[in-house]
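Notes follow the structure.
Just so it is clear, none of the values below were taken in a lab; they were calculated from the coordinates. Only a predicted model underlies this, so the values are computations on that prediction, with no experimental measurement involved. Because the Cβ atoms are built from the backbone with ideal geometry, glycine has one as well, and the counts that use them run over all protein chains shown.
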Number of protein chains: 2
Amino acid sequence: MNKAMQALRDVERQLFALGYAEHTIHFDDATAAPRQSYPGRGQALGALAEMRHRLLTGSGLPALLREAEAGGLDAQQAAEVREMRRLYDETACIPADEYAAFSQLISDAQNVWQAARADNDFAAFAPWLERILEARRRMAGALDPGKAPYDVWLDRYEPGMTMEKYDAFFSLLKGELSALVRAVGEAEPVRDDFLSRAWPLGAQRALSRELMRRIGLDEGHVALAESAHPFTIELYNGDVRITTHYHEHDMTSNMFSVIHEGGHALYELHTGDALRCTVLASGSSMGIHEGQSRLFENYFGRSRAFLAGLWPRLRELFPAQLADVTCEEFYRAVNRCVPGLIRIHADEATYSLHILVRYELEKQLMDGALAVRELPGAWNAMMKETLGVDVPDDAHGVLQDIHWAGGDIGYFPSYALGSAYAAQIAACMRRSLDLNALLEAGDFAPINAWLCERVWRHGRALTPDALFANACGEAFDAQHYIRYLKEKYAEIYRL
Amino acid sequence: MNKAMQALRDVERQLFALGYAEHTIHFDDATAAPRQSYPGRGQALGALAEMRHRLLTGSGLPALLREAEAGGLDAQQAAEVREMRRLYDETACIPADEYAAFSQLISDAQNVWQAARADNDFAAFAPWLERILEARRRMAGALDPGKAPYDVWLDRYEPGMTMEKYDAFFSLLKGELSALVRAVGEAEPVRDDFLSRAWPLGAQRALSRELMRRIGLDEGHVALAESAHPFTIELYNGDVRITTHYHEHDMTSNMFSVIHEGGHALYELHTGDALRCTVLASGSSMGIHEGQSRLFENYFGRSRAFLAGLWPRLRELFPAQLADVTCEEFYRAVNRCVPGLIRIHADEATYSLHILVRYELEKQLMDGALAVRELPGAWNAMMKETLGVDVPDDAHGVLQDIHWAGGDIGYFPSYALGSAYAAQIAACMRRSLDLNALLEAGDFAPINAWLCERVWRHGRALTPDALFANACGEAFDAQHYIRYLKEKYAEIYRL
């Protein structure tokens with residue numbers, strides 16, 4: 001390895017340690033920290049962000065990156081240099097004090113948002129959102145003054161994506177999915193009365209363990225915790241945390257959260273050992289990551305085959321709740337399509353329409369066409385137009401998600417993209433694996449081996465485009481997603 | 001504030017963030033991390049230690065410290081400079097790679113120790129202990145080549161302490177406490193049959209909350225978690241974590257762990273706001289810290305007055321277990337004196353004799369008079385001589401404590417010192433407060449205000465000697481401790 005590359009590795013190792021620290025602090029924040037302890041956490045995160053800024057801007061990176069390239073690099077090292085340059089560019093264009101202030105801002109804003117949502121008080125959160133949007137616009141201008149600010153952030157979350165591409169993607173979805181949801185609305189509803197029964201928490205907890213085991217998560221390396229909102233956080237490829245939440249009158253929330261977060265966790269656990277402590281040691285992009293979680297949650301977890309295999313255990317765990325329910329009824333119920341208010345409760349057919357609303361509003365907020373004070377009204381109008389639902393209050397509307405409070409503008413669209421990625425990956429996989437038989441047997445070893453070889457082990461070494469070519473031997477095509485949803489719902493609702 | 005002092009504050013803020021990160025990682029390690037996830041954690045902690053080393057050695061501190069002093073300092077700033085110089089000296093004398101390697105070594109050694117204790121396999125741990133002792137001797141030589149290595153570390157944990165002072169202290173304890181324990185052994189035992197009854201875990205958990213509330217811990221700023229061994233870790237004065245462990249057949253273990261760790265937590269929660277993010281924002285020394293925890297656990301928690309006040313609630317929580325027990329019997333049982341094998345289960349009269357064994361062995365290990373392979377034999381012989389007990393195996397002997405695996409050589413003696421500090425603090429407090437009445441009423445506000453004013457709020461701004469003068473208006477005197485133990489046990493055992 002050339003000398004400059006060795007020096008880069010030293011910087012990468014320090015970035016790893018800072019990231020490890022920040023991720024542990026975030027996990028702790030959501031699972032264990034006392035209620036009123038955030039001020040010190042915000043200060044610590046601000047100082048750590050400042051240290052990252054100093055590390056990236058004070059280590060002579062531009063020269064080191066050039067020298068490393070001139071010295072000759074293997075494929076992984078070249079990818080490390082590409083990612084380091086990306087990190088350097090997005091850091092060096094922002095002054096250190098602004099970088100630290102932003103970290104503090106989003107730490108505080110998330111606490112304000114939490115209270116605002118509890119109090120149904122958008123006005124309390126509005127000034128924070130304004131400051132965040134303003135900061136994100138300013139940062140985007142510094143990063144790439146030739147681009148529209150929203151395009152800058154879309155590309156950061158999903159390399160290669162732009163408003164032009166997303167506009168085409170969401171336009172296709174809007175046409176096809178709106179028609180599908182309308183048709184389902186006119187069909188006979190599926191039976192779902194049993195879903196709101198009382199599902200004992202002890203048995204729900206046992207189900208979480210069963211699901212983790214079944215999809216191939218090793219509890220020696222994955223811990224399950226509880227938090228208000230389920231999430232996954234990776235520390236390294238030998239330590240990933242997932243969280244879930246339990247509701248007595250809704251067992252599906254926990255069940256599919258565990259499988260969803262489990263998909264994220266499997267990805268992180270299977271990034272290659274050679275990538276450890278480098279900037280490549282994580283998922284390729286937000287969209288590819290969401291592709292893995294949706295693949296597990298929907299394409300595997302909500303499949304008839306997987307549920308058939310799980311059925312005897314479900315009957316054991318919930319004998320009273322499932323006494324008068326058939327496996328087929330359970331399958332249809334957990335795949336029912338009902339337009340609703342809350343994104344995280346949305347079914348597969350309406351989910352991307354929830355994302356579409358956020359995409360359109362983010363676009364307008366970022367280019368100034370929409371003012372923050374007009375946001376609740378615009379949200380409610382667009383929810384009515386897109387999903388046909390009346391939003392009763394902001395807590396069930398514009399305040400429902402933490403993302404904007406966390407500074408993530410441009411992140412949402414990658415959720416819809418991930419769902420579409422997953423459809424194509426599942427279709428590719430079916431060419432070489434008898435997926436239904438494996439899912440029914442709960443035999444995830446061949447499935448995970450397929451994904452590990454083609455997707456997981458590469459971490460960030462491959463960009464989304466390259467990864468897609470590698471995994472499927474073809475470019476991304478949203479038609480797989482449309483076809484999958486139409487076939488699935490036509491069958492369930494006998495359209 | 002002068003310019004150099006401003007620059008020092010910036011270094012302090014980064015040290016705060018690194019410490020915050022490390023403490024969160026340690027808390028997570030003991031309470032939430034998956035079983036087999038330590039390698040990445042060790043790497044991250046190693047890299048963070050290296051960053052601290054770079055920060056302390058690469059910020060031009062020697063010149064900054066001189067300039068800050070020349071520019072004029074207030075009392076707090078002068079104390080910050082004193083502590084920063086101490087930190088600089090102990091860091092700069094060790095090369096960066098050795099500093100990081102040591103952090104990695106103790107992270108790994110603690111995992112090895114855990115397995116060795118479970119397997120009762122001292123030989124597995126011995127090479128790690130040898131490496132730790134060797135590293136500590138080498139570091140001590142670099143830090144102060146004119147001093148005996150053990151003296152260097154005694155002073156690091158408890159500023160001002162030496163083998164000479166500890167020899168005198170332990171010699172006094174050995175004579176007085178051995179005689180006391182012998183006399184108790186010849187007296188009629190107290191009734192303790194009920195202690196090993198089955199104590200429902202739900203009620204034990206409710207008792208933890210009750211105790212936290214009673215001694216004045218605000219759960220908005222203190223979280224209680226579970227871990228193999230109880231401990232306290234502070235993140236800042238608005239966020240402290242304590243842990244406990246529950247045993248169905250021993251309710252006293254949890255009960256007094258919560259009060260003990262609660263004492264540590266109260267100290268950290270009441271360090272002054274002006275000290276936040278500086279090197280003074282923590283307890284003054286290990287001994288002073290242990291003084292607070294022992295004060296709460298023994299002098300308050302095990303007092304007749306406190307238990308009388310708690311008695312109605314104890315009867316409510318454990319109606320069956322306490323049906324045939326009087327408060328006086330409970331008081332005597334939780335204060336019974338029985339020489340045993342395990343330090344953390346030891347009563348007040350024998351506790352410091354357990355520490356004495358460790359002190360004598362550490363002294364010999366550090367000066368080379370005792371080889372690591374001879375340690376189990378020496379341990380067992382000294383336990384027999386000092387406490388009259390036969391050690392059945394190393395798991396219940398030399399392998400029982402994590403401290404040496406964590407690199408802490410010279411820490412144990414501060415436990416005994418803390419117990420003695422607590423006796424004197426309680427005696428001082430009685431001069432101005434009606435302690436028994438307050439303890440019985442569960443009214444900790446005046447007690448905590450007294451401690452806050454004289455001890456807690458000063459953090460590390462005052463050294464142990466100065467703190468003692470401030471708190472009690474007199475120098476430390478171990479006779480308070482001897483007198484307290486003799487009076488207490490003479491009364492309980494009618495000696």
Item to check | Over chain A: helical MRE at 222 nm, DSSP H runs n ≥ 4 each giving -39500 (n - 2.57), nearest 500 | outcome: -21000 deg cm²/dmol
Next on the checklist: As an exercise, find the ratio Rg/Rh for chain B from alpha-carbon atoms, using the Kirkwood inverse-distance average for Rh.
Outcome noted: 0.95
Checklist entry - Which of A:LYS174/A:LYS488; A:LYS147/A:LYS384; B:LYS165/B:LYS363 have a Cα-Cα distance over 21 Å? => result A:LYS147/A:LYS384
Checklist entry - With a 10 Å Cβ neighbour count serving as the proxy for reagent exposure, in which order, fewest first, do B:PHE306, A:PHE194, B:PHE16 appear? => result A:PHE194, B:PHE16, B:PHE306
Item to check | Chain B, rotation onto A, residue closest to that axis via Cβ, with its distance in Å | outcome: B:ALA21, 2
Next on the checklist: Calculate log10 I(q)/I(0) of the range B:261-367 for q = 0.20, 0.22 Å⁻¹, where I(q) comes from the Debye formula with a single equal point scatterer on each Cα and nothing for solvent.
Outcome noted: -1.10, -1.17
Checklist outcome for this item: With 0.36 nm assigned to each residue of separation and the Cα-Cα distance removed, A:ALA92 to A:LEU495 gains 139.6 nm
Checklist entry - Where the convex hull is taken over the Cα atoms of the protein assembly as shown, what is its projected area averaged over directions, in nm²? => result 42.4 nm²
Checklist entry - Can you list, shortest first and in nm, the gaps between the label point of A:GLN36 and those of its counterparts in the other copies, using a point 7 Å from Cα in the C-beta direction? => result 4.4
Item to check | Virtual paramagnetic centre 7 Å along Cα→Cβ of B:SER171, amide N under 18 Å, in the range B:131-155 | outcome: B:151
Item to check | Cα Rg over Rh - the range A:257-299, Kirkwood | outcome: 1.02
Checklist entry - Along Cα→Cβ at 7 Å, what distances in nm separate the A:ARG313 label point from those on the other copies, shortest first? => result 4.3
Checklist entry - Once both labels are modelled 7 Å past Cα along the beta-carbon direction, what's the A:ALA63-B:SER59 spacing in nm? => result 2.5 nm
Checklist entry - Sorted by mean Cβ packing within 10 Å, highest first, what order do the peptides A:125-132, B:153-160 take? => result B:153-160, A:125-132
Checklist entry - Which of B:ARG205, A:ARG304 comes first, and how do the rest follow, when ranked by fewest Cβ neighbours within 10 Å? => result B:ARG205, A:ARG304
Item to check | Whichever aspartates and glutamates have a C-alpha closer than 19 Å to that of B:LYS3, once near sequence neighbours (fewer than 8 apart) are set aside | outcome: A:ASP97, B:GLU12, B:GLU67, B:GLU69, B:ASP74, B:GLU80, B:GLU83
Checklist entry - Can you give the average number of partner chain beta-carbon atoms within 10 Å of each beta-carbon in peptide A:17-23, as a whole number? => result 6
Checklist entry - Radius of gyration and Dmax for the range A:230-290's Cα atoms, expressed in Å? => result 13.2, 45
Item to check | Extension reserve of the B:ARG205-B:ALA148 stretch, reckoned as 0.36 nm per residue once the Cα distance is removed | outcome: 15.9 nm
Checklist entry - Over all residues in A:220-227, what is the mean tally of Cβ atoms on other chains that come within 10 Å of each residue's Cβ? => result 3
Next on the checklist: From the C-alpha coordinates alone, can you work out the Kirkwood hydrodynamic radius of the range B:406-467, in Å?
Outcome noted: 13.4 Å
Next on the checklist: Treating the range A:172-286 as a set of equal point scatterers at the Cα positions, no solvent, please give the Debye-formula log₁₀ I(q)/I(0) at q = 0.13, 0.18, 0.23 Å⁻¹.
Outcome noted: -0.66, -0.92, -1.14
Checklist entry - If you put a point 7 Å past Cα along the Cβ direction, how far is that point for B:ASP144 from the same point in each other copy, in nm, smallest first? => result 5.9
Next on the checklist: Between A:ALA123 and A:ARG191, how high is the FRET efficiency from 1/(1 + (r/R0)^6) when r is the Cβ-Cβ distance and R₀ = 30 Å? Nearest 0.05.
Outcome noted: 0.10
Checklist outcome for this item: In whole angstrom, the spacing between the Cα centers of the range B:439-461 and the range A:2-20 equals 46 Å
Checklist entry - Under the Cβ-under-4.7 Å rule, which cysteines of chain A stay unpaired? => result A:CYS93, A:CYS277, A:CYS327, A:CYS337, A:CYS452
Checklist outcome for this item: Proxy exposure order for B:TYR415, B:TYR267 (fewest C-beta within 10 Å first) is B:TYR415, B:TYR267
Checklist outcome for this item: A student applying the Cα gyration tensor rule (rounded when a/c is under 1.5; otherwise prolate if a/b is larger than b/c, oblate if not) would label the range B:358-495 prolate
Next on the checklist: Taking every DSSP beta bridge with both residues inside chain B, roughly what % is antiparallel (nearest 5)?
Outcome noted: 50 percent
Checklist outcome for this item: Counting other chain Cβ atoms within 10 Å of each Cβ in B:66-73 and taking the mean gives 0
Item to check | Convex hull (Cα only) mean projected area of the range B:59-200, reported in nm² to one decimal | outcome: 16.1 nm²
Checklist outcome for this item: In the protein assembly as shown the DSSP beta bridges are antiparallel at a rate, in percent to nearest 5, of 50 percent
